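Chemist: Once you've had a glance at the structure underneath, I'll fire off some questions.
The values are calculated or read from the model by the stated rules, or taken from the named source; none is laboratory data. Everything numeric here is computed off the predicted structure, so don't read it as measured data. So basically every Cβ, Gly included, is an ideal-geometry build from the backbone, and we count neighbours across all protein chains shown. Areas reflect the complete protein model, heavy atoms only, side chains present, ligands, DNA and RNA absent. Shrake-Rupley method; radii C 1.70, N 1.55, O 1.52, S 1.80 Å.
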Amino acid sequence: MESRFDRARIGVDIDSTLANLVAAMVYRYNQRHPVHTTVVEWDSWGMHEKLNITKDEFYQTMNNAWKDWQSMPLQELGLSTTLKKLQKLGSVTIISNRHIVTHAAVGLWLEYHCLPYDALVLDSSTGMDKWDYPIDILIDDNPKHAEAIPDGRLLLLRDHPWNRHIDNSDRITRVSNVFTAADLLTRRKAAYGG
C-alpha cells in the first residue's frame, strides 16, 4: 500500500521557515520607529496590530527586508543539507505567497545560500491556498494552514510563538525546525518500509 511518504511531494515555506524574516523586519521597523521591538516580542500572526502599524506598512517592511536579500539571515544552519535530505524523500517545492517586487530577491537568496529545490512557487496574484498546490506534506509556520488540511495531507508546523495555540493531531505535527521535519519524515518513511 502506498503512503504519503512514498516519493512525497513536500512543500516548504520561506518566511520564518527557511529565512529569518522576523529578524530582518525587526531591524527595519526599529530604524523607522521610536518605540523599538525585539524578535522575542513577535508572538502574534497579526503583529501589525501589536506594533500599531497598518497592514500596508507591515507588508512594505517585509518587502523592504527582502530587497536587502544578502542581509536576510537563514532561519537555521545547515538548510542546504537538510533540503537535500528532503529531496531524497521526494520532490521539494519551495512555496510562498510573496509580493512580486520580492521574487527576484528571493530567487537570488535561495541561490546565494545554495538551497536546493525541485520547484519554486512565488505566488503574488492568485492568493491560492498552499493546499491547492500538488503537495502531500507542508512545512510552514502559518497557523492558518492548520484550519483546513485536506485528507491524506500532513502539516509540519514550524514552531513559533504565533502558532503555539495549534495542537498536534493526526494531520498536524509541530517541529522545532526544518532539520527536525526532515528527520521525522525520514523516520516515518523507514517505519512504512521505505
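Chemist: Suppose the filter is among the polar types (S, T, N, Q), farther than 22 Å from V178 by Cβ, surrounded by fewer than 19 Cβ atoms within 10 Å (Cβ to Cβ) and touching a residue at least 40 places away in the same chain (Cβ under 8 Å); does S91 pass it? Even if it seems obvious, please write down each step before you answer.
Modeler: Details: among the polar types (S, T, N, Q): yes; farther than 22 Å from V178 by Cβ: no; surrounded by fewer than 19 Cβ atoms within 10 Å (Cβ to Cβ): yes; touching a residue at least 40 places away in the same chain (Cβ under 8 Å): yes.
So S91 fails the test.
Chemist: Being under 15 Å from the mean Cα position of the chain (by Cα) and aliphatic (A, V, I, L, M) is the requirement here; does L79 meet it?
Modeler: On the way: under 15 Å from the mean Cα position of the chain (by Cα): yes; aliphatic (A, V, I, L, M): yes.
Yes.
Chemist: Mind listing whichever residues of the stretch 155-171 are open to solvent by less than 40 Å² (accessible area, probe 1.4 Å) and farther than 16 Å from T17 by Cα?
Modeler: I166
Chemist: Next question, about the same structure. Answer yes or no as to whether E111 is farther than 27 Å from D43 by Cβ, exposed (fewer than 13 other Cβ atoms within 10 Å of the Cβ), without any contact (Cβ under 8 Å) to a residue 12 or more places away in the chain and over 15 Å from the mean Cα position of the chain (by Cα). So that I can check it myself, show each step before the final result.
Modeler: Working: farther than 27 Å from D43 by Cβ: yes; exposed (fewer than 13 other Cβ atoms within 10 Å of the Cβ): yes; without any contact (Cβ under 8 Å) to a residue 12 or more places away in the chain: yes; over 15 Å from the mean Cα position of the chain (by Cα): yes.
Here the answer is yes, as E111 does meet what is asked.
Chemist: So which pairs qualify, if the first residue must be in the stretch 47-72 and touching a residue at least 40 places away in the same chain (Cβ under 8 Å), the second must be hydroxyl-bearing (S, T, Y), the Cβ gap must be under 6 Å, and the two must be at least 6 apart or on different chains?
Modeler: W66/T102
Chemist: Further question: Consider L157 carefully, then state whether it is free of Cβ contacts under 8 Å to residues at least 60 places away in the same chain and among the aliphatic types (A, V, I, L, M).
Modeler: Details: free of Cβ contacts under 8 Å to residues at least 60 places away in the same chain: yes; among the aliphatic types (A, V, I, L, M): yes.
Yes; evaluated as a whole, the condition is true for this residue.
Chemist: Same structure again: Would you confirm whether any residue within the stretch 44-65 is of a type in the set (S, T, Y), at pLDDT 90 or above and either buried (at least 20 other Cβ atoms within 10 Å of the Cβ) or part of a strand (DSSP E or B) (or both)? Steps first, please.
Modeler: At the first step, the residues of the stretch 44-65 found to be of a type in the set (S, T, Y) are 44, 54, 59, 61.
Next, from what is left, pick out any that are at pLDDT 90 or above: 54, 59, 61.
After this cut, where a residue has to be either buried (at least 20 other Cβ atoms within 10 Å of the Cβ) or part of a strand (DSSP E or B) (or both) as well, the list is 61.
Yes, the stretch 44-65 contains at least one residue that is of a type in the set (S, T, Y), at pLDDT 90 or above and either buried (at least 20 other Cβ atoms within 10 Å of the Cβ) or part of a strand (DSSP E or B) (or both).
Chemist: When you scan the stretch 77-194 for helices (runs of 4 or more DSSP H) that lie fully inside it, which ones turn up with 3 or more residues that are of a type in the set (S, T, N, Q)? Please lay out each step first, then the result.
Modeler: Working: elements: 79-89, 103-112, 178-191.
It comes to 79-89.
Chemist: Can you name every residue in the stretch 9-43 that is in contact (Cβ under 8 Å) with a residue 40 or more places away in the chain, assigned to a loop (DSSP other than H, G, I, E, B) and open to solvent by 30 Å² or more (accessible area, probe 1.4 Å)?
Modeler: Of everything in the stretch 9-43, those that are in contact (Cβ under 8 Å) with a residue 40 or more places away in the chain, assigned to a loop (DSSP other than H, G, I, E, B) and open to solvent by 30 Å² or more (accessible area, probe 1.4 Å) turn out to be N20, D43.
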